[in-house]
Amino acid sequence: MLKFGLVTLGCDKNTVDSERYLADLVAHGAEPVQDLRDADVVVVNTCGFIDAAKAESIEAIVEAARLKDDGGVKAVFAIGCMVERHKDELLEALPEVDVFLGNSETDRLVPELVERGLLGGSLVEHPGVRLFSGDSAHVRYLKISEGCDHGCAFCAIPLMRGKHRSFALDDLVREAQLLEAQGAREVNLVAQDLAHYGRDRRDGNALPELLEALVRETSIPWIRNMYLYSTGITPRLLEVIAANPRIVRWLDTPMQHGSDAVLARMRRPERQKTIRERLAQYRAIVPDLAVRTSVIVGFPGETEDDFLTLCDFLEEMQFDRVGVFTYSPQEGTRAFAMDDDVAESIKQERKERIEELQRAITAERYERFVGRDAQVLLERPGDAPNLWMARAPWQADDIDGLTQVHVPASHDSGLLRAGAFADVRIDAVVDDYDFRATWLGGVTQPAVAAPVKTGRTLPLIGIDTTSAGSFGR
């Protein structure tokens with residue numbers, strides 16, 4: 001039996017892809033291993049978003065290739081985004097890698113292993129479209145489309161992922177049912193732009209219809225929308241969010257800057273006026289909506305006045321959370337031809353200034369939740385007795401902080417498990433980004449995940465276990 005190790009780098013969309021590769025390999029009789037030294041084949045799913053991500057991917061590939069020298073690892077496969085963009089250069093620079101497969105070629109993963117005599121070609125029993133191998137099965141990601149049609153000057157994603165393609169609604173519902181069967185309590189919808197979903201299929205289904213189908217056809221407690229262009233956030237979508245308590249009142253919509261001049265050079269569709277109007281609309285239709293955004297500092301031509309305009313606009317808009325990134329020129333993008341005229345030291349200084357400003361804004365925004373009752377999702381035991389780390393609905397996985405839940409000593413803490421929901425009262429904001437809360441007594445235990453084993457089919461709800469449906473690349 002082939003033993004393989006899978007290394008995943010980059011975004012949550014890459015995580016979804018890796019779970020599909022994992023399921024396909026297991027379906028053909030391969031066995032995943034955690035320690036790469038025990039693997040016959042190492043597969044590195046690369047990221048090519050910015051230079052730092054490329055460097056991390058190359059380092060991971062080189063480290064995997066070194067394991068071949070020890071005689072255990074027989075082959076190294078590099079796949080994914082960075083390979084899609086830089087395959088020719090990588091072939092020349094890394095001859096120790098056996099196979100390079102870009103995003104458009106990953107259907108060749110199993111055939112390449114078969115051709116090399118490393119894997120049998122026959123299908124065993126498919127575990128479903130995706131197979132989880134991490135530590136927190138209660139938090140999962142559902143990629144609803146691939147690629148991007150937007151023309152932002154700084155972004156190389158269309159060069160790696162291609163044009164926008166929406167997956168069929170029925171396939172996505174079945175995949176969500178699979179995630180639920182595997183123990184998911186929170187499903188995060190991801191894409192390059194969730195709000196663009198369905199436009200290319202012209203079957204009458206857009207993001208609101210997908211959300212309603214997920215609420216109707218699954219029992220997943222929390223459904224979260226991550227990364228939507230504001231131009232596609234319609235009143236209909238907001239009304240669906242407001243009407244369904246299982247769709248958490250949280251949106252991630254990238255603004256990228258607050259200066260109209262910089263936004264124009266970035267080729268972004270929004271300006272201050274439209275951002276201001278849309279944010280007011282979001283908050284009017286969905287009470288208590290938490291809104292996260294992201295900005296880029298140091299874009300070519302950004303002056304100190306542009307930067308101060310961004311700071312002033314963030315103070316005015318009062319986003320709940322803001323992710324800040326420094327500009328990194330990417331070959332093949334429109335901005336690559338621009339003079340990268342903001343020094344790296346200034347980029348970093350501006351990043352830190354925005355982070356400090358937003359820290360104060362977030363702390364003030366979060367005060368509105370103090371004194372309220374809420375339901376939180378337990379993540380892990382804390383580092384003190386009778387303490388659990390959890391997340392409230394307005395805290396997204398890994399990026400929005402945690403809620404510290406103090407459980408009375410009289411309660412049997414052995415009954416608490418990651419993936420359970422608990423009723424709490426928010427007592428205070430801690431370190432600007434986190435909360436402290438008191439347990440109120442109600443606990444909803446996590447669902448028991450269906451077992452996933454090679455050679456055994458999950459009890460899925462109408463899922464086609466022989467193909468990946470519309471999830472082609």
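Of note:
- Using the Cβ-Cβ distance between T438 and D70 with R0 = 60 Å, the FRET efficiency computed as 1/(1 + (r/R0)^6) comes to roughly 0.70.
- Total charge dipole magnitude, region 269-352, about the Cα centre, Cβ charges on Lys, Arg, Asp, Glu only, Debye to nearest 20: 540 debye
- Each stretch of four or more DSSP H residues adds -39500 (n - 2.57); spread over every residue of the chain, this sum gives -10000 deg cm²/dmol at 222 nm.
- Size of charge dipole - the chain - debye, nearest 20, with Cβ of Lys, Arg +1 and Asp, Glu -1, no other charges: 1380 debye
- Taken one residue at a time, the phi angles of region 395-406 give Karplus couplings (6.51, -1.76, 1.60, θ = phi - 60°) of 10, 7, 4, 6, 10, 10, x, 9, 10, 8, 9, 8 Hz. Gly and Pro are set to x.
- Candidate lysines - alpha carbon under 20 Å from K143, same-chain residues fewer than 8 apart omitted: K13, K163
- Within the chain, DSSP assigns beta bridges of which about 35% are antiparallel (rounded to the nearest 5).
- Relative contact order, whole percent, for region 1-93 stands at 31, derived from Cα pairs under 8 Å and 6 or more residues apart.
- Available extension along the chain between R267 and E63 is 69.6 nm, counting 0.36 nm per residue and deducting the alpha carbon span.
- Within the chain, C11, C47, C81, C148, C311 have no other Cys Cβ under 4.7 Å of their Cβ and so lack a disulfide-compatible partner by this rule.
- With 0.36 nm allotted per residue and the present C-alpha distance subtracted, the A428-A242 stretch has 64.4 nm of extension available.
- Percentage relative contact order, region 172-312, counting C-alpha pairs under 8 Å, at least six apart: 22 percent
- Computed lengthening from E355 to V114, 0.36 nm per intervening residue step minus Cα-Cα distance: 81.8 nm
- The structure shown yields volume of the Cα convex hull per residue in Å³, and of the options (1) 173; (2) 155; (3) 127 that calculated value carries the label (2).
- Protein-only accessible surface at a 1.4 angstrom probe places the residues K273, K3, K143 in the order K273, K3, K143, largest first.
- Amide H contacts under 5 Å for G323: T293, S294, V295, restricted to partners 5 or more places along the chain or on a different chain, H placed in the peptide plane at 1.01 Å from N.
- Within the assembled protein chains, the solvent-accessible surface assigned to D70 is about 120 Å², based on a 1.4 Å probe.
- Heavy-atom accessible surface of the chain: percent carbon and sulfur, 1.4 Å: 49 percent
- Taking 7 Å steps out from each Cα toward its Cβ at L91 and D339 produces label points 3.8 nm apart.
- Heavy atoms of I346: accessible area, 1.4 Å probe, square angstrom to 10: 60 Å²
- Lysines with Cα under 22 Å of K3, excluding same-chain neighbours fewer than 8 positions away: K68, K74, K453
- As a length-normalised measure over Cα pairs under 8 Å and 6 or more apart, the relative contact order of the chain settles at 13 percent.
- Amide hydrogen neighbours beyond the local backbone of Q330, cut-off 5 Å, H modeled: F336
- Using the Karplus relation 6.51 cos²θ - 1.76 cosθ + 1.60 with θ = phi - 60°, the per-residue 3J(HN,Hα) values for region 264-269 come to 5, 5, 6, 6, 8, x Hz, with x marking Gly and Pro.
- Inter-probe distance in nm under a simple model that places probes 7 Å from Cα toward Cβ, at A213 and A52: 3.7 nm
- Amide H to amide H distances under 5 Å link E31 with L2, K3, F4, where only residues 5 or more positions off or on other chains count and H is placed in the peptide plane.
- Rounded accessible area per residue of the chain, 1.4 Å, Å²: 41 Å²
- Rounded to 0.05, the FRET efficiency of the A168 and D35 pair, given R0 = 30 Å and the Cβ-Cβ distance, is 0.20.
- The solvent-accessible area of E331, taken with every protein chain present and a 1.4 Å probe, is close to 110 Å².
- Region 82-119 and region 228-280: distance between their alpha carbon centers, rounded to Å: 38 Å
- Residues in region 320-335 carry Karplus couplings, in order, of 6, 9, 9, x, 10, 10, 8, 5, 10, x, 10, 4, x, 8, 5, 6 Hz; the curve used is 6.51 cos²θ - 1.76 cosθ + 1.60 with θ = phi - 60°, and Gly or Pro positions show x.
The values are calculated or read from the model by the stated rules, or taken from the named source; none is laboratory data. The model shown is predicted, which means the values in this text are computed figures rather than measured ones. All Cβ positions, glycine included, derive from the backbone under ideal geometry; neighbour counts span all protein chains shown. Note: areas computed on protein heavy atoms with side chains; ligands, DNA, RNA excluded. Shrake-Rupley method; radii C 1.70, N 1.55, O 1.52, S 1.80 Å.
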